[in-house]
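Asks: Just passing along the structure, written as structure tokens.
FYI, it's all coordinate maths here, none of it is from the lab. Treat the numbers as computed from the prediction; the structure is a model and nothing was measured. In this analysis, Cβ positions are derived from the backbone assuming ideal geometry, glycine residues included, and neighbour counts consider all displayed protein chains.
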Amino acid sequence: MLNEAHFNRLKWIYRTNPCNQHYTTQIDISEGRAEIVLPIRPDYLHGGGVVHGSVYFKLLDDAGTFAVGSLVKDFAVLTASFNIYFTRPVSAGEIRAVGRVVHESRRLFIAEAEAVDGDGRVLARGSGSYMRSTIALPPPP
């Protein structure tokens, strides 16, 4: 079983990732699970006035990636494929994405993720396949 120090290291990696600097998220990681909360800002909306699908994808994929990462101690996890279903638009409040590992083998991980609004209504679902890379995780801060 991996320890809290590993989860804290992953949270630090997530928070300091250059591509995450535009997003104001909170992340929680436990064994085989990750939860990301994003307060919706106007700059996440597309011309139709609802959150752009790329934001849904990012949250779902990140939740899946870090759920898998919780089980991989020394190397980065990469997405091999991801499938997403959009079920409801949202334009205000927050999005909460929860990812969990549903399959683990030596070379392949599968995670499912669900995004809900502040009232618990499902906004999108996704599943992805992930693999352990040869990229070493950076040392803890």
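Asks: Between (i) 57, 30, 17; (ii) 49, 35, 30; (iii) 42, 30, 23, which matches Cα extents along the principal axes in Å calculated for the structure shown?
Replies: The value matching this structure is (iii).
Asks: Please find the FRET efficiency linking ALA76 to HIS52, where r is the Cβ-Cβ separation and R0 is fixed at 30 Å, and quote it to the nearest 0.05.
Replies: For ALA76 and HIS52, the calculated efficiency is 0.70.
Asks: Tilt of helix 4-16 relative to the longest C-alpha principal axis of the chain, in degrees (0 to 90, nearest 10)?
Replies: Taking Cα atoms only, the helix is inclined about 50 degrees.
Asks: Would you calculate the separation in nanometres between label points at VAL37 and ILE84, each defined as 7 Å from the Cα along the Cα-to-beta-carbon direction?
Replies: So the two model labels end up 2.2 nm from each other.
Asks: Further question on the same structure: Please compute the net charge surrounding PRO141, taking Lys and Arg as +1 and Asp and Glu as -1 over other residues with Cβ under 12 Å from its Cβ.
Replies: Summing Lys and Arg as +1 and Asp and Glu as -1 gives +3.
Asks: Okay, moving on. Taking the Cα centre of the chain as origin and charging only Cβ (+1 Lys, Arg; -1 Asp, Glu), how large is the dipole, in debye to the nearest 20?
Replies: Roughly 260 debye, rounded to the nearest 20.
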